[in-house]
Amino acid sequence: MKKIITGGTVITAADQYKADLLIEDGKITEIGQGIRAEGAEIINATGKYIFPGGIDPHTHLDMPFNNTVTDDDWESGTIAAAFGGTTTILDFCLTTGEDRLLDAVDKWHEKAKDKAVIDYGFHLMIADLTEETLAQLPEALEVAGINSVKVFLAYAKEFQASDRTLFQAFKVGKEKDAIVMVHCENGSVIDELVEEAKKSGHTEPIYHALTRPPQLEGEATKRAIELANLAGAKLYVVHVTCKEAVDEIIRAREKGYQVYGETCPPYLVLDQTYLEKPNFEGAKYVWSPPLRPKEHQEVLWNALKAKQLQTIGSDQCSFSFNGKKQLGREDFSKIPNGGPFIEDRFSVLYSEGVAKGRISLNEFVDMISTSAAKTFGLFPQKGTIAIGSDADLVLFDPNVERVISAESHHMNVDYNAFEGLAVKGEPVSVLIRGEYVIRDKEFVGKLGSGKYIRREVKKEEKPVTHKSFTTK
Ligand code: URP
Ligand code: ZN
Ligand code: ZN
């Protein structure tokens with residue numbers, strides 16, 4: 001059905017103007033003044049901003065991790081994302097122990113298929129970066145329609161790649177023009193510090209942060225940068241938290257290296273003292289890299305503003321406090337790493353960024369949507385408001401004031417890391433490919449309506465076979 005959105009202010013990464021939008025067959029087909037179309041539903045957006053749907057490039061839904069599984073699956077996770085103004089996610093498809101990388105992709109499609117209410121793509125997240133998996137990688141990316149791979153320099157016992165295999169992954173990235181995402185912390189040294197802390201009898205959540213100092217993020221970031229550059233690959237540093245890592249990224253970008261960086265809302269708003277909360281409450285704030293002392297927040301805001309960091313991922317990886325977080329009650333190193341952020345990514349960035357005058361409306365759109373679309377090959381189908389783009393739209397009321405709380409959130413966890421944070425602004429209605437998924441703050445979407453979005457890599461060049469001349 002046709003729709004006309006009228007009276008709102010359209011905001012893209014470049015522009016701000018009042019206009020009507022015509023939506024037909026899921027696409028934006030006209031932008032202008034006084035648009036008319038027979039039989040169209042009229043949506044009054046007076047007083048609202050119309051943003052392109054948020055694109056969250058970093059989620060972990062229904063993912064086995066740290067001896068358990070994340071609490072939000074593709075139903076609760078994507079519904080919460082939609083309430084929060086996110087219309088596309090790129091989720092990490094964890095490949096570990098399968099004979100074929102493509103088996104992991106099939107498994108991820110099964111998880112999402114009848115549940116996702118928003119559009120989605122996958123990154124391949126390779127836990128066991130062996131010669132065999134590396135050999136399969138080029139074809140797997142091509143067949144699966146995936147142009148991004150995550151590897152780890154952290155989690156020594158579970159996921160950590162050696163420098164050699166990391167370098168090999170960068171070579172595949174270069175060959176396929178795929179972006180290699182790296183979790184930059186020095187896992188081996190972290191393990192040593194964890195053992196030291198435990199030997200000294202420390203069990204509390206704050207030791208999670210104290211055993212993963214910023215120097216180890218900076219060191220791993222520099223190593224990944226140099227190895228990616230040597231291989232000629234594009235590097236995307238996930239969840240950047242601190243000055244040490246930002247400085248390395250800036251230095252590399254100034255030299256012309258192809259390095260991109262992402263940070264996440266908790267690092268902009270919360271700090272290391274949250275892990276000191278009594279009665280094990282600090283466990284609610286255990287994720288990796290950890291929260292940092294407050295002075296790092298300004299460094300991150302400045303890097304975003306200067307476009308040295310380009311994207312905001314949620315790093316949604318939720319574990320309930322009274323449930324799975326208790327696995328680490330006696331030992332901080334057993335607390336499942338991760339937090340619930342998919343729902344509040346958009347509003348926290350708007351409120352702390354735009355409403356507090358740190359970033360402009362256009363910069364907000366770039367960080368929350370457009371940059372991720374461009375980095376991961378979704379643009380201009382997604383990430384903007386333009387003729388021919390998918391009608392993924394957020395009607396946002398900038399004047400609402402509310403307080404974030406687990407009481408009112410839609411994630412499947414018993415706490416909210418931003419509990420009590422007063423925010424300005426709220427997504428009121430959210431459309432995906434022209435269909436309402438949230439209408440006047442009510443969920444009206446359909447389970448399974450989310451579409452898998454393929455992102456292409458360089459195709460393998462098949463050798464040209466010539467008929468050979470035969471002589472009689
Ligand atoms: O603690 C975190 N960040 N959990 C999710 C896995 C990862 O490293 O991104
Ligand atoms: Zn990570
Ligand atoms: Zn993550």
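The values are calculated or read from the model by the stated rules, or taken from the named source; none is laboratory data. Since this is a predicted model, take the numbers as computed values, not measurements. So basically every Cβ, Gly included, is an ideal-geometry build from the backbone, and we count neighbours across all protein chains shown. Just so you know, the surface numbers come from the protein's heavy atoms only, side chains and all, with ligands and any DNA or RNA stripped out. Shrake-Rupley method; radii C 1.70, N 1.55, O 1.52, S 1.80 Å.
What the Cα atoms of the chain give is an Rg and a Dmax of 22.3, 90 Å.
Scoring 233-242, 351-360 by mean Cβ neighbours within 10 Å over their residues and listing the highest first yields 233-242, 351-360. Amide hydrogen proximity for Lys27: with H placed 1.01 Å from N in the peptide plane, the residues at 5 or more positions away or on another chain lying under 5 Å are Ala391. The antiparallel fraction among DSSP beta bridges confined to the chain stands at about 45%. Taking Cα centroids, how far is the stretch 367-388 from the stretch 241-285 in Å? Here the answer is 24 Å between Cα centres.
Using a simple spin-label model with pseudo-atoms 7 Å out from Cα toward Cβ, Glu98 and Lys451 lie 2.3 nm apart. Scaling against 2.2 N^0.38 Å puts the C-alpha radius of gyration of the stretch 102-176 at 1.17. Between the stretch 296-326 and the stretch 1-69, how far is it from one alpha carbon centroid to the other, in angstrom? Value for the Cα centre distance between the two parts: 25 Å. Of the peptides 368-375, 430-437, the ranking by mean beta-carbon count within 10 Å, highest at the top, reads 368-375, 430-437. The smallest convex shape that holds all Cα atoms of the stretch 229-309, its convex hull, gives 85 Å³ per residue. What a 1.4 Å probe finds exposed on the chain is 49% carbon and sulfur by accessible area, rounded to a whole percent.
What FRET efficiency comes out for Phe321 versus Thr130 if R0 is 30 angstrom and r is the Cβ-Cβ distance? Round to the nearest 0.05. Computed FRET efficiency for Phe321 and Thr130 comes out at 0.25. Kirkwood hydrodynamic radius (Cα pairs, Å) of the stretch 350-472? Its Kirkwood hydrodynamic radius stands at 18.1 Å. Considering only Cα atoms, the convex hull volume of the stretch 1-146 works out to 145 Å³ per residue.
Computed packing ranks the peptides 146-155, 393-402 as 146-155, 393-402, most packed first, by mean other Cβ atoms within 10 Å. Within the stretch 46-166, antiparallel bridges make up roughly 10 percent of the DSSP beta bridges whose residues both belong there. Identify, among Tyr207, Val238, Ala228, the residue whose Cα sits farthest towards the positive end of the charge dipole of the stretch 202-244, taking +1 on the Cβ of Lys and Arg and -1 on the Cβ of Asp and Glu, with the dipole about the Cα centre. My answer, from the dipole projection, is Ala228. Taking θ as phi - 60° and the Karplus parameters 6.51, -1.76 and 1.60, the scalar couplings of the stretch 273-289 work out to 4, 4, 6, 8, 4, x, 6, 6, 4, x, 4, 4, 10, 8, 8, 10, x Hz in sequence order, x denoting glycine and proline. With contacts taken as Cα pairs under 8 Å at a separation of at least 6 residues, the chain carries a relative contact order of 22 percent. The equivalent ellipsoid of the stretch 135-265 has semi-axes of 28, 17, 12 Å, largest first, where each one is the square root of 5 times an eigenvalue of the Cα gyration tensor. For the stretch 188-251, the fraction of alpha-carbon pairs lying more than 14 Å apart is 62 percent, rounded to a whole number. Rolling a 1.4 Å probe over the protein heavy atoms gives the chain an accessible area of 40 Å² per residue.
Taking amide hydrogens as placed 1.01 Å from N in the peptide plane, the amide H of Leu94 sits under 5 Å from those of Met125, each at least 5 positions away in sequence or on another chain. Near the amide H of Phe319, within less than 5 Å, lie the amide hydrogens of Asp71, all on another chain or at least 5 residues away, with H placed in the peptide plane. The helix-based estimate of mean residue ellipticity at 222 nm for the chain, built from -39,500 (n - 2.57) per DSSP H run of four or more residues and divided by its residue count, is -8000 deg cm²/dmol to the nearest 500. Residue-wise HN-Hα couplings along the stretch 123-140, as the Karplus relation 6.51 cos²θ - 1.76 cosθ + 1.60 with θ = phi - 60° gives them from phi, are 9, 7, 10, 9, 7, 10, 7, 9, 4, 5, 5, 4, 5, 7, 4, x, 5, 4 Hz; Gly and Pro carry x.
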